[in-house]
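Trainee: To start, I am sharing the structure in question, which I have written as structure tokens.
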2 protein chains.
Amino acid sequence: MSDQELLPHDPSRRSFLGKSALAGLAGAGLSVGLAACKKPEGDNAAKPAAGAASAASHGKYDVPPGQLDDYYIISSGGHSGECRIYGLPSGREFKRIPVFNIDCMSGWGITNESKAILGTRPDGQLKFKTGDTHHIHGSYKDGTYDGKFFWVNDKLNARVARVRGDTFECDKITDVPNVQGHHGIFPDKRDPVDPAINYTTRVFAGAEFHIPLPNNGADVDAPEKYGCLFSCLDAETMEVRWQVHVDGNMDLVATSYDGKLAASNQYNTENGIHYEDMMSAERDACVFFNIARIEEAVKAGKFTTIGTSKVPVVDGRAAKNADPKTALTCYVPVPKNPHGVNASPDGKYFACSGKLSPTASLIELALVHKWFDGELKTQRDCVVAEPEIGLGPLHTAFDGRGNAYTTLFLDSQIVKWNIDAAIKQFKGDKTAQPVVDRIDVHYQPGHGWTTMGETKEADGKFFNSGNKFSKDRFLPVGPLHAETEQLIDISGDKMVLVADHPAYSEPHDAIGIRRDVIKTRQVYNMDDFPNAVKDPKSQRIERNGNKVTIYLASQAPAYSMREFKVKQGDEVTIFLTNHDKVEDLTHGFGIPMYDINFVVNPQETKSVTFKADKPGVFWCYCTHFCHALHLEMRSRMIVERR
Amino acid sequence: MSDQELLPHDPSRRSFLGKSALAGLAGAGLSVGLAACKKPEGDNAAKPAAGAASAASHGKYDVPPGQLDDYYIISSGGHSGECRIYGLPSGREFKRIPVFNIDCMSGWGITNESKAILGTRPDGQLKFKTGDTHHIHGSYKDGTYDGKFFWVNDKLNARVARVRGDTFECDKITDVPNVQGHHGIFPDKRDPVDPAINYTTRVFAGAEFHIPLPNNGADVDAPEKYGCLFSCLDAETMEVRWQVHVDGNMDLVATSYDGKLAASNQYNTENGIHYEDMMSAERDACVFFNIARIEEAVKAGKFTTIGTSKVPVVDGRAAKNADPKTALTCYVPVPKNPHGVNASPDGKYFACSGKLSPTASLIELALVHKWFDGELKTQRDCVVAEPEIGLGPLHTAFDGRGNAYTTLFLDSQIVKWNIDAAIKQFKGDKTAQPVVDRIDVHYQPGHGWTTMGETKEADGKFFNSGNKFSKDRFLPVGPLHAETEQLIDISGDKMVLVADHPAYSEPHDAIGIRRDVIKTRQVYNMDDFPNAVKDPKSQRIERNGNKVTIYLASQAPAYSMREFKVKQGDEVTIFLTNHDKVEDLTHGFGIPMYDINFVVNPQETKSVTFKADKPGVFWCYCTHFCHALHLEMRSRMIVERR
């Protein structure tokens, strides 16, 4: 690893990055970021670059064959469009959850059931086959995960999806109107008004890209009229309840433990359309939403609608919310182009990372409430600390012991800083030293998270750094590299690098959940499927004109129908119910040359519809290994010539 | 883990499985397979069920952060339609290689370049978006891998694809005519005639499903007229050179080190259409192809063609090849419904597993040549050993030290057996004990492979068992389970279970390659792309009627065009060249609401074409994290109303 530093090692490195410095990053500057383990900066707490687990501790984090991991990692999958489940500390990937993508293994995007969730165009084609899942967060009860639901957003096509915690399958997708580039998402943690409702009932999503409202071809050349909306979905129905029109572009979303506040960090409050304009102002903001007031306004009819959408939209722009006592929003100024906003597990603070400033801004929620009550002079007074922590701070996680861990994209480090020390320093205590440890990561960390760190049960065991570059960390596999998920033991005073786990681009963000929280089912209930072929003997073929429906059952090693005939040109629907009851005894159903494959789990029913446009013999076969006679498990589809 | 055994523990367990026994497997019988670690069978070499690495050895197989793995695992991905690269011993997944599937991360199935490889229908839609990749094997030189190419077959839609070893991307896909259900594939290891050509020039694929020839709607009710073809592709051009019409259904394919023979194990030589018919005969076969003779026959015009296909088809059915001296094929009888045929690294034998027989049949290649020379009485005389090894033997791998390792699907074990001892026993030596070790795996192993085991450089370090059920081995994630790849250290006398690696269904098969064999490139050559936008200043918009072409470049943190305008209804093509040269500095390009995303690696060019059917502002954005100003990296597409 290289010790070189290409950027001048002058004090200005620790102040705001100017426009020219960042332009420089486009060329040589970025190489700095990409240079491996750099020398410690002379920080009082800087540690030797190595930082990896010592030889003696190897095996300590092993999960031997037959043993289970301690945590689930539920991960968004970025532009793979999927979500994923890993184990921790092993880093083993247990499942891909297809969401916005097409997955021909499971039949996601192929079965009628998944198409109904994904949505289709008038011609029956899928509305979208791409997605960019950014953030996944779980439902809460009493301030911690209840394992019931997970929500994930699609930045590419402005959608929010829900994944069930019992089956780890996506059950609903909502197209959110009037927005482009959903970046952040977060469920609420309890009701803003009713103290009896101490669980998740709403999901918030922030839009990043400002667009004409409505985006129908009008105002395309008038960027000053572009706008961004913050959306609230009902956690149960997944309908969009309301939207708030705000200034600036929103990234991440955080919610308070009291249920009353949601927030999003914002860049481009300049409303610029070029990147240098987007970073021209010295400060952007973290915008807070007063949920109860917004819902009162909606109830009172103080909203508009946009274009053909019927979703109520309230005006949360700064100019219209100058009076704190009636304001729906509170814009807390933070250094420009921040990235990431995260809630501390004690419920007191949100941390907003500087990105282009070497700082994190700590915002005290009690002071935000105070501002909304008209008792604070300026929004900026909500900031209670702003420690200098390193270059390119993006996301912050917490250990539940009063420390924060922030990813430093440019420094390729994780910095551990103490919240109380940061507050003392901000108050003028020059002896306070917020930064208590640093560790090099490899390379360019984006998101970071701690085990249970988004809950009141933050346990301070592990921090995971989601690194955007892996370069030389794995065997080379061509120009496209894996990303690196680096696992760090944070249980002691010093951070210890435990493992490099590669991930197919891009895991983006994840949460680490204690394994006892998750309660899955292993077998479906046949009654949950209205079209189940409950008795294999009820297998049949129904014809209605040129529409043919095949009711089929599977039980290893055979399908209930050994052959079936349809006519060329028929529209064929096949319902398949898996009668096997043994856990893990999933069957597949592939139709050669007809581009169809899907799996049916034990006691599950799925269906496909296709046009029998090719005459001949087609051996439908079991694609999911099931039995010693798996290969012999077939059904012969005969498409007779018209 | 349970000790129970549900099947009666009588001697008949060790003889052929009858029709009724297998029918039973459909119900309770399969549960036997699913029962965990069973009692050792009293075999002389049976070892305690545990077999896992001892606590003391934990950490021995660790790959600590910053260290590289010793081997590449190149894996087929089953009905996920993709291939994958893992590291060994870590089990870490470094890359997914999209092949027959759609991958919205990389843009596979979305870019024009990938669509050209995948093939499209007249309406521009992809011909197929599903696939069932079964077997992946690498190109050979001097009897070992040269790392140049890998070939993988699609069982679902009868295709063969090639993956380049320098970029690990698919560069060609061939639709193979006249076949259904390609199961096995294998490249040749040298030329059958020219001794100077000691590298791969042909790829063989065996079809499993018998269909009317041609499959155009005729003869659908005449199964006796159905047939299967064995295909030969040119390794370089990927064109189909010839096909052989055979009896029976083909599974796996193996090739000899002398280049002269290819073989496929066959079930359903009965030509049955129901599974009980497919297992009615006591013997099926391993069919050998005399490559030189087949190519002579083709050259001599002794072939037919089928339907609209122009591929020469020779007749390799048994009845037409009764005279060994002119035969194109040699059907070596083996116990019924065998599964798997594998070449020993010494070049002498092919092992064919019994599946429904508890045996493996060892076929000596010199004797097959002898049969083709008319010097052997019967084809069955090619079998030189048939040891009883356990229930449900499927695939065999080798350690280069004279031992074979066979997966036992029903026993959920790997059995290690000695080739010489098996031959001695077959000759009548009652003291010979072929089976030297057994280890339980979890559960139901399909494919198994050893490091470098398919080459003359078999090193006998590791065996990997690809298990079809994982049941209780990982944290539960709902009804759909991962599969288990279990890594076993075979370097000593006793097999040692090292790790459980989960895999998204289904890895199917893989090969383990020493890391020095693989030579990848990290950055593309811009000149390789005819449409490269070589100078960012040459970025431009060209209009031809309603066809608009955008020539765009990317360089962190910006696209060369900050905005571009098209008109509603235009057919828009975007060429994007990534000018970044730093390894791992990949950019993405996503167009919101237009269902487009793809990545461009350093110095690479890709393109997409779409209809601008929605007016408004669409912020094309970088989807692949690249730079501190990644979020600000956008280009504004304005679609003006007509």
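Read-outs throughout are calculated quantities, based only on the coordinates presented, and are distinct from any laboratory measurement. Note that the coordinates shown come from a computational prediction; the quantities given were computed from them, not determined experimentally. Cβ placement follows ideal geometry from the backbone for every residue including glycine, while neighbour counts extend to all protein chains displayed.
Trainee: How many Cβ atoms of partner chains, on average, are near each residue of B:461-474 if near means within 10 Å of its Cβ?
Mentor: 3
Trainee: Each residue of the stretch B:429-444 in order: what ³J(HN,Hα) in whole Hz does its phi give by Karplus 6.51 cos²θ - 1.76 cosθ + 1.60, θ = phi - 60°, with x for Gly and Pro?
Mentor: Per-residue couplings from phi come out as 6, 6, 8, 5, 10, x, 6, 10, 6, 9, 9, 6, 10, 9, 9, 6 Hz.
Trainee: Follow-up question, since we're still on this one. Across the protein assembly as shown, how large is the tail of the calculated P(r) beyond 64 Å, expressed as a percent of all Cα pairs?
Mentor: Result for the distance tail: 10 percent.
Trainee: In bins 5 Å wide, starting from 0, what share of all Cα pairs of the stretch A:132-214 does each bin hold, as a percent?
Mentor: Whole-percent P(r) values from 0 Å outward: 3, 16, 24, 21, 17, 12, 6, 2, 0.
Trainee: Among B:Lys115/B:Lys611; A:Lys189/A:Lys310; A:Lys172/B:Lys129; A:Lys611/B:Lys127; A:Lys129/B:Lys127, which pairs are too far apart, with a Cα-Cα distance over 18 Å?
Mentor: Distance filter (> 18 Å) returns A:Lys189/A:Lys310; A:Lys172/B:Lys129.
Trainee: Right, next: For the cross-link pairs B:Lys95/B:Lys155; B:Lys141/B:Lys461; B:Lys427/B:Lys468, which exceed 26 Å when the distance is taken from alpha carbon to alpha carbon? Walk me through the numbers before you get to the answer.
Mentor: Numbers: B:Lys95/B:Lys155 22 Å; B:Lys141/B:Lys461 22 Å; B:Lys427/B:Lys468 35 Å.
Over 26 Å Cα-Cα: B:Lys427/B:Lys468.
Trainee: Separate question: Taking every residue in B:86-99, how many Cβ atoms of other protein chains lie within 10 Å of its Cβ, on average? Walk me through the numbers on the way to the answer.
Mentor: Working: counts 2, 4, 1, 0, 7, 4, 12, 9, 12, 11, 6, 3, 0, 0.
The per-residue average across the peptide is 5.
Trainee: Shifting gears a bit: Hey, got the average number of other protein chain Cβ atoms within 10 angstrom for residues in A:502-512?
Mentor: So the per-residue partner count for this stretch is 3.
Trainee: Run through the DSSP bridge list for the stretch A:176-381 and note the antiparallel percent, rounded to the nearest 5.
Mentor: Approximately 95 percent, going by the DSSP bridge assignments.
Trainee: Could you order the peptides B:359-370, A:419-430, A:233-244, A:592-603 from most to least packed, using the average number of other C-beta atoms within 10 Å per residue?
Mentor: Numbers: B:359-370: 22.4, A:419-430: 15.9, A:233-244: 19.1, A:592-603: 24.7.
Packing order, densest peptide first, comes out as A:592-603, B:359-370, A:233-244, A:419-430.
Trainee: Would you work out the charge dipole size for the protein assembly as shown about its Cα centre, treating the Cβ of every Lys and Arg as +1 and the Cβ of every Asp and Glu as -1, and quote it to the nearest 20 debye?
Mentor: Its charge dipole is roughly 1680 debye.
Trainee: Suppose only helical runs count, i.e. DSSP H with n ≥ 4. What mean residue ellipticity at 222 nm does that imply for chain A under -39500 (n - 2.57) per run, divided by all residues and rounded to the nearest 500 deg cm²/dmol?
Mentor: Calculated mean residue ellipticity at 222 nm is -2000 deg cm²/dmol.
Trainee: Using alpha carbons only, how many angstrom separate the centre of the stretch B:205-278 from the centre of the stretch A:595-642?
Mentor: 19
Trainee: Sorting check: for A:608-614, A:72-78, which peptide has the highest mean count of neighbouring beta carbons within 10 Å, and how do the rest follow?
Mentor: Put in order of decreasing packing, that is A:72-78, A:608-614.
Trainee: 5 Å is the cut-off here: which amide hydrogens, built 1.01 Å from N in the peptide plane, fall below it relative to A:Phe564, excluding neighbours closer than 5 in sequence?
Mentor: For A:Phe564, the qualifying residues are A:Arg636, A:Met637, A:Ile638.
Trainee: Setting aside same-chain residues fewer than 8 positions from B:Lys424, which lysines have a Cα under 18 Å from its Cα?
Mentor: Of all the lysines, those that pass the test against B:Lys424 - Cα under 18 Å, at least 8 places apart if same chain - are B:Lys348, B:Lys416.
Trainee: Could you give, in nm with one decimal, how far B:Lys310 is from each other copy of that position, shortest first, with labels 7 Å out from Cα toward Cβ?
Mentor: Nearest first, the other copies' label points are 6.0 nm away.
Trainee: I've got another one for you. Any idea what the B:Ile541 label distances to the other copies are, label 7 Å down the Cα→Cβ vector, nm, shortest first?
Mentor: Spelled out, the distances from B:Ile541's label point are 5.6 nm.
Trainee: Now for a different question. Enumerate the calculated ³J(HN,Hα) couplings along the stretch A:245-251 in order (Karplus 6.51 cos²θ - 1.76 cosθ + 1.60, θ = phi - 60°), each rounded to whole Hz, writing x wherever the residue is Gly or Pro.
Mentor: 7, 10, 7, x, 9, 9, 9
Trainee: For the rotation taking chain A to chain B, which residue of A has the Cβ nearest the axis, and how many Å away is it?
Mentor: Taking the axis that maps A onto B, the answer comes out as A:Gly59, 1.
Trainee: Per the Debye formula with a single identical scatterer at each Cα and no solvent contribution, what log10 I(q)/I(0) holds for the stretch A:176-381 at q = 0.14, 0.18 Å⁻¹?
Mentor: Values returned for q = 0.14, 0.18 Å⁻¹ are -0.77, -1.32.
Trainee: In terms of modelled amide H atoms, which long-range or inter-chain residues lie less than 5 Å from the amide H of B:Lys127?
Mentor: B:Thr120, B:Arg121
Trainee: Checking the a/c ratio against 1.5 first, then a/b against b/c, what shape does the Cα gyration tensor give for chain A? Don't skip to the end; give the middle numbers.
Mentor: Values: a/c = 2.04, a/b = 1.53, b/c = 1.33.
Cα axes put chain A in the prolate bin.
Trainee: Quick one: 3J(HN,Hα) in Hz for the stretch B:70-81, Karplus 6.51/-1.76/1.60 with θ = phi - 60°, rounded, Gly and Pro as x.
Mentor: Per-residue couplings from phi come out as 8, 9, 8, 10, 9, 10, 7, x, x, 6, 6, x Hz.
Trainee: Just tell me which lysines come within less than 21 Å, Cα to Cα, of A:Lys320; anything on the same chain fewer than 8 places away is out.
Mentor: Excluding near neighbours in sequence, the set is A:Lys225, A:Lys260, A:Lys299, A:Lys302, A:Lys370, A:Lys377.
Trainee: Using alpha carbons only, how many angstrom separate the centre of the stretch B:466-522 from the centre of the stretch A:102-169?
Mentor: Here the answer is 28 Å between Cα centres.
Trainee: In straight Cα distance, which aspartates and glutamates are under 14 Å from A:Lys355, not counting same-chain residues fewer than 8 positions off?
Mentor: Filter leaves A:Asp251, A:Glu282, A:Asp284, A:Glu386, A:Glu388, A:Asp411, B:Glu632.
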